[in-house]
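S.K.: Would you mind keeping the following structure in view while I ask a few things?
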Amino acid sequence: MTTIEALHWCEDFQINIITKTKKLAERHRFALDATSVAKAAIMCRIPVEPAQYRVNCDFVQIGNTKWCKGTTVHKCPCCDNFVSRMHKFCYNCGQAMDWGNE
Ligand SMILES: [Zn+2]
């Protein structure tokens with residue numbers, strides 16, 4: 001099963017519970033909550049393009065490197081934390097990064 005297939009399975013499962021259940025029992029609410037958590041974890045694995053950010057203060061430190069004013073660096077679009085091209089995942093929230101073909 002691929003990541004996208006797992007995400008679609010969770011979505012279909014939630015839709016089935018909501019549309020086929022007239023009154024949500026506690027176990028249905030639990031299943032909806034559990035699949036919501038699973039969807040969030042799965043979506044973290046789907047790479048997203050990092051947001052570009054131009055340094056507008058004296059410098060920004062990312063890891064051991066300082067980036068001077070005017071330099072373009074990158075931020076995680078999910079948590080707004082600075083990210084480095086050296087990493088495939090945001091070290092703050094775990095979101096997979098899509099750095100393109102660079
Ligand atoms: Zn993040």
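S.K.: If you take the residues of the stretch 48-94 that are among the polar types (S, T, N, Q) and surrounded by fewer than 12 Cβ atoms within 10 Å (Cβ to Cβ), which of them is nearest to the chain's Cα centre (by Cα)?
M.R.: Residue satisfying both the conditions and the ranking: Q52.
S.K.: If you don't mind, there's one more thing I want to ask. When the residues of the stretch 46-100 are narrowed to those that are farther than 30 Å from A6 by Cβ, without any contact (Cβ under 8 Å) to a residue 12 or more places away in the chain and part of a loop (DSSP other than H, G, I, E, B), which ends up farthest from the ligand (Cβ to nearest atom)?
M.R.: D58
S.K.: Also, I was wondering about something else. Those residues that are farther than 21 Å from V48 by Cβ and of a type in the set (S, T, N, Q), I need them from the stretch 1-17; list them, please.
M.R.: Hits for the stretch 1-17 are Q14, N16.
S.K.: OK, next. Restricting attention to the stretch 41-55, does a residue exist that is in contact with a helix residue (DSSP H, G or I) (Cβ under 7 Å, 6 or more places away or on another chain) and within 16 Å of G100 (Cα to Cα)?
M.R.: Yes, some residue in the stretch 41-55 is in contact with a helix residue (DSSP H, G or I) (Cβ under 7 Å, 6 or more places away or on another chain) and within 16 Å of G100 (Cα to Cα).
S.K.: Is there a residue being aliphatic (A, V, I, L, M) and either under 23 Å from W99 (Cβ atoms) or assigned by TED's automatic domain parsing to the domain that holds Q95 (or both) anywhere in the stretch 17-29? Steps first, please.
M.R.: Within the stretch 17-29, the first condition is being aliphatic (A, V, I, L, M), and the residues that meet it are 17-18, 24-25.
If we keep only those that are either under 23 Å from W99 (Cβ atoms) or assigned by TED's automatic domain parsing to the domain that holds Q95 (or both) as well, we get none.
No, the conditions are met nowhere in the stretch 17-29.
The values are calculated or read from the model by the stated rules, or taken from the named source; none is laboratory data. In this text the structure is predicted, and so the values were computed from the model without any measurement. Reconstructed Cβ throughout: ideal geometry from the backbone, glycine too, with neighbour counts over all protein chains shown.
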